[in-house]
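So the structure is just underneath, and the comments pick up after that.
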Amino acid sequence: MFLKGIVSCVSMRKKIVWCVVLAAVLAACDRKKAVPETGWTNDSITDFLTESPDSFFSTATAEEELSDRADELFDDFIFDFARLRKVQSERVSFPLLSVVRGDTVWIMREQWTHEPLFMDQDYYTVFYNNEEQMELEKRTDLNRVDVEQILLADRVVRTCCFERLDGEWMLTRETERDFLPSEPLDAFMDFYQQFVTDSDFQQKRVADPLRYITTDLEDDFGTVEGTLDNEQWNAFKPHLPSGVITNIRYGQTYDDPRNMIMVKAGISNGLMDIFDFGKKNGKWMLVSYEN
């Protein structure tokens, strides 16, 4: 109808003007046709629109690269490794050795599926034996770091072993094992599982009073310290990690069976909670909380 309206104009001047416009439009269309076709069909477009968010995410980030300094500090590397599919495909040493309860298999590149580690939640956790060990994550001379996923209810530990080879961090091995009685952290996890799932038990295992440290609202770099009584814990306590929780081993050991520090760090918001557990009369207790 639009083209018929143009043709039916009675003014010759209007006909000339519209012909010029129409010619320009057709020329533009010809130029577009000169661009190589993408090869997308109706079916492929439908497939794209119905892909899972995870698939779309991998497409959107396919061209992203590691930052220049990612191989210096492990934390800079591991977030890109867990987040970016392209980076992950380049930083797995294939065939990858996988040891599951003593059984060894080799995973080929075509068998590999993306491993998000802790990126499917908004935080990750690290366990230390003392405050001095908390400086380990800042070291740039580390050559091996293990990232653990601890399945509390199943009492299973899955580990991704990373090594710096020729200056580049690589995933070189995966393991899966059951909790070991000889592992101090495993023994603590048995307590922690009950601590986060049994509210009555938790109430009994919070020190009264509980040492409480928080940010000084009048000083961005300062803190204030006080105490919470047992009744106040429920009002102040944050979300406690449960189910599957992470641990990044920068080289810390757990030689002191009387102390355990859990750091819960936000991935996108920079928030941090520090839970200090200690043994009193042979029983684990939460003795200090900092946020």
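A few remarks follow.
- Residue within region 219-233 that is free of Cβ contacts under 8 Å to residues at least 24 places away in the same chain and of a type in the set (Gly, Ala, Ser) present: yes
- Every condition in (1) surrounded by fewer than 17 Cβ atoms within 10 Å (Cβ to Cβ); (2) more than 20 Å from ALA70 (Cα to Cα) is met by HIS114 except one, and the failing one is (2).
- Subset tally (residues that are open to solvent by less than 30 Å² (accessible area, probe 1.4 Å) and either charged (D, E, K, R) or within 10 Å of TYR128 (Cα to Cα) (or both)) for region 251-275: 8
- Any hit, region 166-173, residues being at pLDDT 95 or above and open to solvent by 90 Å² or more (accessible area, probe 1.4 Å): yes
- Where strands (runs of 3 or more DSSP E) fall wholly inside region 77-177, the ranges with 1 or more residues that are of a type in the set (A, V, I, L, M, F, W, C) and touching a Ser or Thr at 6+ places or on another chain (Cβ under 6 Å) are 92-100, 103-107, 156-165.
- In region 229-249, the qualifying residues are those that are surrounded by 13 or more Cβ atoms within 10 Å (Cβ to Cβ) and at pLDDT below 95, and the one that is nearest to GLU148 (Cα to Cα) is LYS237.
To keep it simple, each residue is scored yes or no on (1) among the polar types (S, T, N, Q); (2) under 27 Å from HIS239 (Cα atoms).
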site	(1), (2)
PRO116	no, yes
MET119	no, yes
VAL126	no, yes
MET134	no, yes
ASP146	no, yes
GLN149	yes, yes
VAL156	no, yes
GLU163	no, no
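- LYS264 being under 22 Å from GLN203 (Cα atoms) and without any contact (Cβ under 8 Å) to a residue 60 or more places away in the chain: no
- GLN133 over 17 Å from THR159 (Cβ atoms), touching a residue at least 12 places away in the same chain (Cβ under 8 Å) and among the polar types (S, T, N, Q): yes
The rows are residues; the columns are (1) at pLDDT 95 or above; (2) open to solvent by less than 80 Å² (accessible area, probe 1.4 Å).
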residue: ASP76; (1), (2): no, yes
residue: SER89; (1), (2): no, yes
residue: PRO95; (1), (2): yes, yes
residue: VAL99; (1), (2): yes, yes
residue: ASP103; (1), (2): yes, no
residue: ILE107; (1), (2): yes, yes
residue: ASP122; (1), (2): no, no
residue: THR125; (1), (2): yes, yes
residue: GLN133; (1), (2): yes, yes
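- In region 195-228, residue most open to solvent (accessible area, probe 1.4 Å) [restricted to those that are of a type outside the set (A, V, I, L, M) and closer than 21 Å to ASN129 by Cβ]: ARG211
The values are calculated or read from the model by the stated rules, or taken from the named source; none is laboratory data. Given the structure is predicted, the values throughout are model-derived calculations rather than measurements. Using ideal geometry, Cβ is built from the backbone for each residue, glycine included, and neighbour counts are taken over all protein chains shown. With ligands, DNA and RNA removed, areas are computed over all heavy atoms of the protein, side chains included. Shrake-Rupley method; radii C 1.70, N 1.55, O 1.52, S 1.80 Å.
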